[in-house]
Amino acid sequence: MNIKPHVFEAIRLFSGRNLLFVILAASLLFGGCSSVNDNTAKTLEKQIELQQVRHELTTEPVISEKKTAPELEQMGDTYFRKGDINRAYLYYLKGLNVEPNRISLLQKQGRLLIKKKKYAEAELVYARLTPLAGDDPQTLTGHSMAYFGQGRFEEAEQGFLAALAKKEDDWQAHEYLGLIHSQKQEYDQAIVQFKTALAYKPKDLSITNNLAVTCYLNGDFAEATRLLENLAARTKDRKIYNNLALAHFQLGHYDIALEYFKKGSDNEAAAYNNMGQEYLFAKKFEKAIEAFDKAIALNPKYYTAAQKNMDQAKRQLASVLAKAEE
């Protein structure tokens with residue numbers, strides 16, 4: 001069962017912020033809602049999930065004979081392969097009711113909780129599983145993923161290293177170690193880990209994207225561009241197009257960057273607004289003003305945001321010119 005780690009998304013937020021990692025802090029970086037709204041959303045999410053489970057319980061076909069734990073696990077695996085993780089989880093729980101210490105079922109319960117981003121609950125499962133499975137590398141990796149999800153990076157790192165000591169081809173441990181090193185801005189070490197993970201999973205999109213973004217953050221824009229262009233040929237994900245636009249921008253390929261921003265944006269005005277922000281960040285104020293003016297002309301709804309950015313560009317340009325005259 002392969003559970004994907006968090007991946008880096010856009011290299012820079014299109015709101016004037018600096019470089020960002022989208023590992024665990026995505027909700028904080030992209031958020032902006034109050035804690036009241038967050039609590040309301042979490043409560044609503046729990047209610048929906050509870051309703052789904054109740055629906056599954058009431059709509060399950062009646063099983064005439066008593067199923068064994070392996071049979072219930074197999075049924076859960078079937079639903080998992082179909083992408084129905086809620087029903088898969090339900091059958092794994094049923095199997096654990098029959099055989100509470102079945103290691104394979106506890107493994108799958110823990111991984112599904114991680115997939116659901118219920119990291120604290122997953123940690124409890126692995127705390128129960130560890131005395132049963134010992135230093136099994138799959139258990140060590142799963143437990144470390146639960147730590148990682150809670151931001152406990154030091155514990156996660158030690159766990160992943162222990163897993164690799166037992167099973168050096170554990171690609172997930174390598175990828176997560178790459179994420180941990182990136183979080184610590186240890187980009188060279190992160191790149192080594194991502195490349196190792198990619199050697200075991202050469203077609204994996206998230207590993208390739210994480211490697212590309214880390215190369216970007218490490219200043220290797222040419223390699224980031226190469227990797228992202230490879231991704232763009234395999235997926236139509238807008239995040240990839242936007243990252244590719246940023247990489248080309250850093251190489252001075254402004255026309256190409258604009259074209260990729262267009263592919264990664266809802267409309268052309270948004271693309272010009274993004275270009276304006278990149279010019280502004282690069283202190284190319286005249287180009288920034290032109291781009292923001294184009295965004296406003298194409299779509300008046302960008303007037304407020306683009307006008308604010310354009311005013312900032314004009315102020316900074318005026319400051320630069322004033323200093324030049326002194």
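The values are calculated or read from the model by the stated rules, or taken from the named source; none is laboratory data. Everything numeric in this text was worked out from a predicted model, so none of it was measured. Note: ideal-geometry Cβ built from the backbone for every residue, glycine included; neighbour counts use all protein chains shown.
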Given the conditions (1) in contact (Cβ under 8 Å) with a residue 24 or more places away in the chain; (2) under 28 Å from residue 210 (Cβ atoms), every one holds for residue 272 apart from (2)
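Keeping to region 275-293, report how many residues are hydrophobic (A, V, I, L, M, F, W, C) and touching a residue at least 60 places away in the same chain (Cβ under 8 Å).
Filtering region 275-293 for residues hydrophobic (A, V, I, L, M, F, W, C) gives 275, 280-282, 285, 288-289, 291-292.
Checking the rest, the ones that are also touching a residue at least 60 places away in the same chain (Cβ under 8 Å) come to 280-281.
Of the residues in that region, 2 qualify.
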Of everything in region 270-326, what is modelled with pLDDT of 80 or more, closer than 25 Å to residue 251 by Cβ and among the aliphatic types (A, V, I, L, M)? Give them in sequence order.
270, 271, 275, 280, 282, 288, 289, 291, 295
Restricting region 225-267 to residues that are in contact (Cβ under 8 Å) with a residue 40 or more places away in the chain and not hydrophobic (A, V, I, L, M, F, W, C), which is surrounded by the fewest Cβ atoms within 10 Å (Cβ to Cβ)?
239
Kindly evaluate residue 207 against the criterion of being crowded, with 22+ Cβ neighbours inside 10 Å and either touching a helix residue (DSSP H, G or I) at 6+ places or on another chain (Cβ under 7 Å) or farther than 18 Å from residue 168 by Cα (or both).
yes
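Which residue, of 188, 220, is over 23 Å from residue 138 (Cα atoms), surrounded by 16 or more Cβ atoms within 10 Å (Cβ to Cβ) and among the charged types (D, E, K, R)? Step through it out loud before you land on a result.
Working: 188 fails: surrounded by 16 or more Cβ atoms within 10 Å (Cβ to Cβ).
After applying the criteria, what remains is 220.
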List the residue pairs whose Cβ atoms are under 7 Å apart, where the first residue sits in region 129-146 and is closer than 15 Å to residue 104 by Cβ and of a type in the set (D, E, K, R), the second is modelled with pLDDT of 95 or more and not in a helix (DSSP H, G or I), and the two are 6 or more positions apart or on different chains.
none
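Identify, please: which residue in region 65-104 is not acidic (Asp, Glu) and not in a helix (DSSP H, G or I) and is, among those, farthest from residue 122 (Cα to Cα)?
The first filter runs over region 65-104 and keeps only residues not acidic (Asp, Glu), leaving 66-70, 72, 74-76, 78-83, 85-98, 100-104.
Among the residues that remain, those that are also not in a helix (DSSP H, G or I) are: 66-68, 82-83, 100-102.
Numbers: 66: 28, 67: 26, 68: 24, 82: 22, 83: 20, 100: 16, 101: 16, 102: 16 Å.
The residue in question is 66.
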Of all residues being within 23 Å of the chain's Cα centre (by Cα) and of a type outside the set (S, T, N, Q) in region 271-286, which is surrounded by the fewest Cβ atoms within 10 Å (Cβ to Cβ)? Just the residue, please.
278
Quick check on this structure: which one of 130, 196 is over 17 Å from the mean Cα position of the chain (by Cα), among the β-branched types (Val, Ile, Thr) and under 29 Å from residue 213 (Cβ atoms)?
196
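Look at region 119-174 and say how many of its residues are among the small types (Gly, Ala, Ser), in a helix (DSSP H, G or I) and more than 22 Å from residue 197 (Cα to Cα). Break it down stepwise before answering.
Let us first name the residues in region 119-174 that are among the small types (Gly, Ala, Ser), namely 120, 122, 127, 133-134, 142, 144, 146, 149, 151, 156, 159, 162-163, 165, 173.
Next, from what is left, pick out any that are in a helix (DSSP H, G or I): 120, 122, 127, 133, 142, 144, 146, 149, 156, 159, 162-163, 165, 173.
Now drop any that are not more than 22 Å from residue 197 (Cα to Cα), which leaves 120, 122, 127, 133.
Going through region 119-174 one residue at a time, the tally reaches 4.
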